[in-house]
Amino acid sequence: MQRPVRALRERKYRKEKPFAIMVRSLAKAREIVELNADAEALLTSPARPIVLAPARVTLSGVAPDTNEIGVMLPYAPLHHLLFEAGALEILVMTSANRSNEPIAYEDSDALEKLSAIADAFLIGDRPIARRVDDSVARDDIFGPAILRRSRGYAPSAVTTIPTSRPILALGADLKNTVALVVNGQAFVSQHIGDLSDYESFRAFRETIDDLLSMYEVDQNDLLVVHDGHPQHASTLRALSLAGLERVSVQHHRAHIASVLAERHEWTKQVVGVSFDGTGYGDDGTIWGGEIFAGSVESGFQRVAHLRRAALPGGDAAAQFPAQAAAGFLAQVSNLPDLSAPPFLFPEHYFDAQGLTRKGVRTFTTTSVGRLFDTAAALLGFTREVSFEGQAAMWLEQMARRVNSQDAYPFPFEPNELDFRPLLLAVASDRTQGRPVGEIARAFQRGIADCLATAVTTLCEINRTDTVVFSGGVFQNELLLEDLCSALSSASLAIWTNHEVPPNDGGISLGQAALAAFGRCDFGAGEASHA
């Protein structure tokens, strides 16, 4: 398998991002990955998603630097015919695209763009109507969860929202989905992708038109909801829809609302934790480490957040963990020499330090995603990432290799989670030669312990017994396990996403829910009109 997988990576420009595999039967899947009853139920469900599960075997080159393999069973007649015709028992299945480009679904487009990748094309006699990715799911400690909601699930109704008005929620610019509420039923589209890509943006517009046409929505009655970022492609699309009422919903509040919308919980008071890489905050800075209190009906008040840090280069720092580290470490005293072993930080870090000192192209952030990137850089991941979230995934896998019980200090002080002692402990132990896996484990346990203290305190202050976790950081399965352990004696209900992704693929549902209850960001209560 190694040679064809290596060739496929070279042709697709897919350096390290894991591939999924298809196997003929459930019995074969059980040989390759560890499956519990819930994971098997996902794998064999009519939706037939890719299911991430712990690997039993090593498949060279398929899923580097991770303990999981994504497995799926045949879901189309063609797949069954392939296996009946003698196909290998394990097939690497990948989208018809180059990395980071949308799927080519029109025959002419595929023949033009994929001729350097595919040795042959199998073309049916019926055109494909629209591009739809495979869905991705996992069974974590809080139950089955969807990480990418697409084929097999979309655009089915996810929940019922108590509103008679049609609502169109345009989602986020990364991992975009669109939600349409008709007669109270909330339909969430398939995964569309990154709207900075022209073809993805075209699919975004087509999906909006499809949904409005399919459900025969009178656009004169439509309420359009968009993210608060004024320059997002989804926001600009909302602004272009002349004559329609428009409102904006803050990104991280939408994450929390998506969990409550799944459960039809509109009045329940909760403490909600929304941790991710980036989102436009109320103050115009880059948020990503937010804790709220409230409900969908009453709205969510920001009650705590990660300590603010500098972010040189803004969102571009997500590509370079060492660049993100320059901003966070600027606040940490008594650091060792990061240009010397074992750190050997690249020149990119020192250039970013210069931007931070001068305040040039430097922004303010509370992003937990970038905090994970900083820790990964201190532990050796100082190169550019080749896919989103790679550095944080790498850190999680390092942590999985040990069973250390200690946790680094990560204080929760009034309204703020202070990362400085946490990062200093990581750097100090690395200097002293502590194994990288043990440091990564203590870092993650420090995050979990701090968060457990914060939500327990805030639940008591706000007189609630329920905490909600959402946002891309909570795709970290080991962090969820540590949180479950840290909160085991707290008598709190813990709610997470199950029907829509915890990442930005769930934002559109949360936007729709908050808009239905009038909990939007248009200031003094006046919605905007074209």
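The values are calculated or read from the model by the stated rules, or taken from the named source; none is laboratory data. Predicted, not measured: the structure shown is a model, and the values here were computed from it. Neighbour counts run over all protein chains shown; Cβ positions are idealised from the backbone, glycine included. Ligands, DNA and RNA are excluded from the accessible area calculation, which covers all protein heavy atoms including side chains. Shrake-Rupley method; radii C 1.70, N 1.55, O 1.52, S 1.80 Å.
Here are the numbers:
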quantity	calculated
For the stretch 307-383: relative contact order, % (alpha-carbon pairs under 8 angstrom, 6 or more apart)	48
Environment charge of Thr456, counting only residues whose C-beta is closer than 14 Å and scoring Lys/Arg +1, Asp/Glu -1	-2
Heavy-atom surface of the stretch 306-361, accessible at 1.4 Å and reported per residue (Å²)	47
Cleavage-rule hits, GluC sites (Glu not before Pro), the stretch 199-239, DSSP coil, Cβ neighbours within 10 Å at most 14	Glu216
Probe 1.4 Å, accessible area per residue of the stretch 445-528, Å²	34
FRET efficiency, 1/(1 + (r/R0)^6) with R0 56 Å, evaluated for Asn403 and Met214 via beta carbons	0.65
Helical segments meeting 30 Å axial Cα length and Kyte-Doolittle 0.5 threshold in the chain (DSSP H)	436-461
Span from the the stretch 162-183 Cα centroid across to the the stretch 357-406 one, whole angstrom	32
Using a Förster distance of 22 Å, the FRET efficiency for Lys28-Thr58 (Cβ separation, nearest 0.05)	0.85
Antiparallel %, DSSP beta bridges [both residues in the chain], to 5	65
Neighbour-limited loop hits for trypsin sites (Lys or Arg not before Pro), the stretch 164-207 (at most 12 other Cβ within 10 Å; DSSP other than H, G, I, E, B)	none
Structure-derived Rg and Dmax of the Cα atoms in Å - corresponding label in (i) 22.9, 67; (ii) 25.7, 87; (iii) 24.3, 89	(i)
DSSP-defined antiparallel bridges as percent of all bridges, the stretch 31-174, nearest 5	75
For the stretch 195-257: rounded, prolate or oblate by the Cα gyration tensor [a/c cutoff 1.5]	oblate
Net +/- balance of residues flanking Asp209 in space, Cβ distance below 14 Å, scoring K and R +1, D and E -1	+1
Of Lys17/Lys358; Lys17/Lys113; Lys175/Lys358, those spanning more than 30 Å from alpha-carbon to alpha-carbon	Lys17/Lys358; Lys175/Lys358
Label-point separation, Ser488 to Glu84 (7 Å along Cα→Cβ), nm	5.0
Summed residue charge, Cβ within 12 Å of His252's Cβ, Lys/Arg positive, Asp/Glu negative	-4
DSSP beta bridge pairing in the stretch 188-320, given as percent antiparallel to the nearest 5	75
Helix-only [θ]222 nm of the chain, DSSP H runs n ≥ 4, -39500 (n - 2.57) each, per residue, nearest 500	-10500 deg cm²/dmol
Surface share of carbon and sulfur [accessible, 1.4 angstrom probe, percent] for the chain	49
Between the stretch 496-512 and the stretch 1-70, the Cα center-to-center distance that results, in Å	25
The chain, relative contact order in percent, only Cα pairs under 8 angstrom and at least six apart counted	16
Sparsely packed chymotrypsin sites (Phe, Trp or Tyr not before Pro) within the stretch 86-195, loop by DSSP, other Cβ within 10 Å at most 12	Phe121
Prolate/oblate/rounded label for the stretch 123-166 (Cα gyration tensor, a/c 1.5)	oblate
Global geometry of the stretch 13-93, whether rounded, prolate or oblate, following the gyration tensor of its Cα atoms and the 1.5 cut on a/c	oblate
